1. Which one of the conditions (1) part of a helix (DSSP H, G or I); (2) among the hydrophobic types (A, V, I, L, M, F, W, C); (3) open to solvent by less than 50 Å² (accessible area, probe 1.4 Å) does L11 fail to meet, given that it meets all the rest?
2. List every residue pair whose Cβ atoms lie under 6 Å apart, where the two residues are 6 or more positions apart in sequence or sit on different chains, the first residue falls within the range 13-36 and is closer than 20 Å to R71 by Cα, and the second residue, located anywhere, is open to solvent by 60 Å² or more (accessible area, probe 1.4 Å) and in a loop (DSSP other than H, G, I, E, B).
3. I'd like to know if the range 137-145 contains one or more residues that are at pLDDT below 85, assigned to a helix (DSSP H, G or I), exposed (fewer than 12 other Cβ atoms within 10 Å of the Cβ) and out of contact with any strand residue (DSSP E or B) (no Cβ under 9 Å at 6 or more places or on another chain).
4. Taking F128 as meeting all but one of (1) modelled with pLDDT under 90; (2) over 21 Å from the mean Cα position of the chain (by Cα), write down the number of the exception.
5. For the range 92-109, enumerate the residues that are part of a helix (DSSP H, G or I) and either open to solvent by 60 Å² or more (accessible area, probe 1.4 Å) or in contact with a Cys (Cβ under 8 Å, 6 or more places away or on another chain) (or both).
6. Which members of the range 93-132 meet the condition of being of a type in the set (A, V, I, L, M, F, W, C) and in contact (Cβ under 8 Å) with a residue 40 or more places away in the chain?
7. Has the range 23-30 got at least one residue that is under 28 Å from the mean Cα position of the chain (by Cα) and assigned to a helix (DSSP H, G or I)?
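The values are calculated or read from the model by the stated rules, or taken from the named source; none is laboratory data. None of the values given here were measured: they were computed from a predicted structure. Ideal geometry is used to build each Cβ from the backbone, glycine not excepted, and the neighbour counts take in all protein chains shown. Quick note on the areas: whole protein, heavy atoms, side chains included, nothing else; ligands and nucleic acids left out. Shrake-Rupley method; radii C 1.70, N 1.55, O 1.52, S 1.80 Å.
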Amino acid sequence: MNVDFSVRDELAREQIRTLLAENMFVEAGAGTGKTAALVDRYVSLVLDGRRVDRIVAITFTDKAAAELRDRVRQRLEGQLGTEVAADRRRLIEDALAGIDGAQISTIHAFCQGLLRSFAVRSGVDPAFEIDDEVAGERRFEERWRGFLEGLGSDSFAVEAIGRALDLGLTTRNLQDLAHALWTKPELAEQLRAEPLVGPDRGWPDLGELHRRLTSISVAFVPEGDTLRGRIEM
């Protein structure tokens, strides 16, 4: 039996365009028209009377955000090219006047705007900038080197690193572990709250250490996470 999926697809698109008071989750693969559906919903919200400064559209990349903004603008301008009622024309013109300042952006840019708005109240430097991946890695390297240099006067740390090296680990292994914890702060916080080494700072039995490590809850850690995979081995 042949199934006409276009009917179901058009029904879904109609719901996206018209169910403006409903929260919706739409799942679709690449090239299926997700951006077009998002433009449809955005324009429908405008024509329903929503101001663009009250609409937030979040996407993943700056390029995608710029494309989404341009397509919304083009669709609204196209609406003006048709015969529309005076009240609807006013809605469209107001939207076009504010589209450049509308919240159509990446999640990073959206959060950056929120932080800047409440920077003083939150104790955040209003002039902060978002690090790109390269700058972030460079900052980690600097902080890691500074951390190691500060351990010279800590006899326990020196002993711990020496013991790790005796067990066959390398300084690169230690750095990789630190980097993994840096990218997974929720796991680092759990280890901080439930340290694997006892308060007497003595060396635990390796078997007991393994048992305690595998008892850590990883329910909220993504399944593909490398550290989770090691714990679950």
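1. Status for L11: all satisfied but (3).
2. So the pair list comes out as L20/D48.
3. There is no residue in the range 137-145 that is at pLDDT below 85, assigned to a helix (DSSP H, G or I), exposed (fewer than 12 other Cβ atoms within 10 Å of the Cβ) and out of contact with any strand residue (DSSP E or B) (no Cβ under 9 Å at 6 or more places or on another chain).
4. Of everything listed in (1) modelled with pLDDT under 90; (2) over 21 Å from the mean Cα position of the chain (by Cα), F128 misses just condition (2).
5. Hits for the range 92-109 are E93, D94, A97, D100, G101, I107, H108.
6. Hits for the range 93-132 are A95, I99, A102, I104, I107, A109, F110.
7. no
Every residue, every condition in (1) touching a strand residue (DSSP E or B) at 6+ places or on another chain (Cβ under 9 Å); (2) at pLDDT 90 or above; (3) at positive phi; (4) aliphatic (A, V, I, L, M), yes or no:
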site: G29; (1), (2), (3), (4): no, no, no, no
site: K34; (1), (2), (3), (4): no, no, no, no
site: L38; (1), (2), (3), (4): yes, yes, no, yes
site: V43; (1), (2), (3), (4): no, yes, no, yes
site: R50; (1), (2), (3), (4): no, yes, no, no
site: V56; (1), (2), (3), (4): yes, yes, no, yes
site: V72; (1), (2), (3), (4): yes, yes, no, yes
